[in-house]
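*Asks:* Got a structure for you, questions after.
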Amino acid sequence: MANATGSFRNDIRFLLGDEERSLRDVDPQMTVLDYLRLEERKSGTKEGCAEGDCGACTVVLGEPNGTGGMGYRTVNACIQFVPTLDGKQLLTVEHLKSKDGNLHPVQQAMVETHGSQCGFCTPGFVMSLYQLWLDGGEDDRGAINDALAGNLCRCTGYGPIIEAARKAGGVAANDAIEQKRRSDVAARLTAMVDGTKPLAIEHAAGRYYAPRTSDELAALFVAHPDATVLAGGTDVGLWVTKMLKRLDPIIYIGDVADLKSVTETDDAVIIGAGVTYSRAHDALGRVAADVGELVRRIGSRQIRNAGTVGGNIANGSPIGDTPPALIALGAKIVLRMGDIRREVPLEDFFITYGKQDRHKGEFVESVIVPKPAKGLAFKAYKISKRFDQDITAVLGAFALQVENGKVTEFRAAFGGMAGTPMRAKKCETAVIGQDWNETTLGAAQRALAQDFAPMSDMRASKEYRMLVAQNLLTKLFIETTAPEVATRLVGKEAAYV
Ligand SMILES: Cc1cc2nc3c(=O)[nH]c(=O)nc-3n(C[C@H](O)[C@H](O)[C@H](O)COP(=O)(O)OP(=O)(O)OC[C@H]3O[C@@H](n4cnc5c(N)ncnc54)[C@H](O)[C@@H]3O)c2cc1C
Ligand code: FES
Ligand code: FES
């Protein structure tokens, strides 16, 4: 299956800035951050937390976009493994200065607005600003906040950095030159890897396979049923950097072309397991605005540019953000082992804490998210200590249909209330068939206390969790019966949370 049969290539090919790299004999778990600092001696990219939280290690990755140009995205170099660079361009703060020595507009703006003091966070901020600039610049405070939420600064304060974002946004890229640069890079990358065999590394430290089709992936996973599937690495990366695990072998699904599509029909959105949150966002937002907003609040821009909905499901976490919403919507997942596929309602996938309905050698191929039927209200609320870049304490998601004042359909799913994301069946029963009024709301809240016995941990006490979950039902009630009542921050206020 691997190199012995000649079905794979064993060198990692990518562009570091404009320079071609072809790496052999690399420990597949080496992080991009370690590679840059220890092997390339490029120390501009910093290590703050080594777990995707602080943004000091932010780099920009570019990939051919399939139409002759390049797509760019920020990622956290501390939790990405070097082989995932194959076929991509890696840009760091060292690559921004022009050949004549002039600072890039985003660097110049940081200087002019005094956006840097000790400077430790600065390269990470500069790379997030560079991404904004690549995307055409930004003046809107909310959008700038969103782009910078994954970068932490302990000294300067965010005001000058946000000012720098605005200032740099006004210095537009020269379109013709920039487009030409991008198409040249895309052509070089394509020439480097297209028509070559997929990457496989068999290193003393561990093996790594990067199939390019789901058929290849299925065959590899059957051959290596104990392999760790690697998607965006926003969980798996931390197993290596924080838990010091050795993973052998790793099967990377980020190069599997047929897992990277988002398909939208009249009734559903189907998301391939290799689709990042950033790419899934718009389609999920069209399913229901609150699902889009949930996805927008996952981690940071860098995390959403790498992490996948498939990974959020497969990791089985009781506090993953998408599962409760997808369960309330009635989503299904397609699991595949070899040539056999099965469709499982998402709510049945989560058996108990740490145990999912997934066999060895079986992977999540796609997620099928039905669009709500006409008249079905869908609401989802994430409660966390911080608004951005924080893991959920409690998440409630509700699908409610009321006809002539009576509830005809109600699905309520919660995260953070049990060992798995779970429906609140007693609560649902207390509501269905009843008038949608305060009496029913009270009954639903009392029933919720029968559905769950939440635990206390560092994020919240069990009493807090229950009270918040019950209050989320009140919020649902208000939003569905008195839409004129302001329950959410909007516009300018939302930009300042
Ligand atoms: C800083 C930070 C902030 C975060 N914030 C949030 C947040 O706000 N909300 C939230 O829900 N999560 C958050 N996370 C957790 C993480 O981003 C998500 O769980 C993410 O969806 C994982 O997806 P991934 O593609 O990165 O998965 P990976 O890390 O690649 O994999 C996760 C797990 O799923 C398995 N897996 C992945 N894909 C498949 C597949 N197709 N088939 C079978 N198994 C598979 C892997 O083997 C592994 O066990 C955060 C993480 C970090 C580091
Ligand atoms: S070092 Fe903190 S996000 Fe990477
Ligand atoms: S300038 Fe010191 S951490 Fe931001």
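The values are calculated or read from the model by the stated rules, or taken from the named source; none is laboratory data. Computed from a prediction, not measured in an experiment: that's the story for all the values here. Note: ideal-geometry Cβ built from the backbone for every residue, glycine included; neighbour counts use all protein chains shown.
*Asks:* Quick one: which of 403, 362, 409 is touching a Pro at 6+ places or on another chain (Cβ under 9 Å) and surrounded by fewer than 24 Cβ atoms within 10 Å (Cβ to Cβ)?
*Replies:* Going through 403, 362, 409 in turn, the sole match is 362.
*Asks:* So, in region 115-132, exactly how many residues are more than 10 Å from ligand 3 (Cβ to nearest atom) and more than 18 Å from residue 62 (Cα to Cα)?
*Replies:* 0
*Asks:* Check off (1) of a type in the set (A, V, I, L, M, F, W, C); (2) surrounded by fewer than 19 Cβ atoms within 10 Å (Cβ to Cβ); (3) at pLDDT 95 or above for residue 4 and give me the number that stays unchecked.
*Replies:* It fails just one condition, (3).
*Asks:* Residue 117 is checked against (1) more than 16 Å from ligand 2 (Cβ to nearest atom); (2) out of contact with any Cys (no Cβ under 7 Å at 6 or more places or on another chain) and fails just one. What number does that condition carry?
*Replies:* Here residue 117 clears every test but (2).
*Asks:* Condition check: within 16 Å of ligand 2 (Cβ to nearest atom) and more than 26 Å from residue 16 (Cβ to Cβ). Does residue 143 satisfy that?
*Replies:* So residue 143 fails the test.
*Asks:* Within region 86-114, take every residue that is buried (at least 21 other Cβ atoms within 10 Å of the Cβ) and among the aliphatic types (A, V, I, L, M) and give me the one that is farthest from ligand 2 (Cβ to nearest atom).
*Replies:* 109
*Asks:* Of everything in region 157-171 that's within 28 Å of the chain's Cα centre (by Cα) and at pLDDT below 85, which residue is surrounded by the most Cβ atoms within 10 Å (Cβ to Cβ)?
*Replies:* By that ranking, first place goes to 169.
*Asks:* OK, next. Need at least 3 residues that are without any contact (Cβ under 8 Å) to a residue 60 or more places away in the chain and in contact with a His (Cβ under 6 Å, 6 or more places away or on another chain) per element, so show me which strands (runs of 3 or more DSSP E) inside region 47-101 make the cut, counting only ones lying wholly within it.
*Replies:* none
Residues checked against (1) without any contact (Cβ under 8 Å) to a residue 40 or more places away in the chain; (2) in a loop (DSSP other than H, G, I, E, B); (3) among the basic types (Lys, Arg); (4) surrounded by fewer than 16 Cβ atoms within 10 Å (Cβ to Cβ):
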site: 185; (1), (2), (3), (4): no, no, no, no
site: 191; (1), (2), (3), (4): yes, no, no, yes
site: 201; (1), (2), (3), (4): no, no, no, no
site: 229; (1), (2), (3), (4): no, no, no, no
site: 243; (1), (2), (3), (4): yes, yes, no, yes
site: 248; (1), (2), (3), (4): no, yes, no, no
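*Asks:* Which numbered condition in (1) closer than 30 Å to residue 245 by Cβ; (2) under 22 Å from the mean Cα position of the chain (by Cα); (3) away from ligand 1 (no atom under 16 Å from the Cβ) is the only one that residue 54 fails?
*Replies:* Unmet for residue 54, out of (1) closer than 30 Å to residue 245 by Cβ; (2) under 22 Å from the mean Cα position of the chain (by Cα); (3) away from ligand 1 (no atom under 16 Å from the Cβ): (3).
Residues are listed down the side, and each one gets a yes or a no for (1) in contact with a helix residue (DSSP H, G or I) (Cβ under 7 Å, 6 or more places away or on another chain); (2) in contact (Cβ under 8 Å) with a residue 12 or more places away in the chain; (3) within 16 Å of ligand 3 (Cβ to nearest atom); (4) under 25 Å from residue 303 (Cα atoms):
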{"residue": "345", "(1), (2), (3), (4)": "no, yes, no, no"}
{"residue": "354", "(1), (2), (3), (4)": "no, yes, no, yes"}
{"residue": "367", "(1), (2), (3), (4)": "yes, yes, no, yes"}
{"residue": "382", "(1), (2), (3), (4)": "yes, yes, no, yes"}
{"residue": "397", "(1), (2), (3), (4)": "yes, yes, no, yes"}
{"residue": "419", "(1), (2), (3), (4)": "no, yes, no, yes"}
{"residue": "427", "(1), (2), (3), (4)": "yes, yes, no, no"}
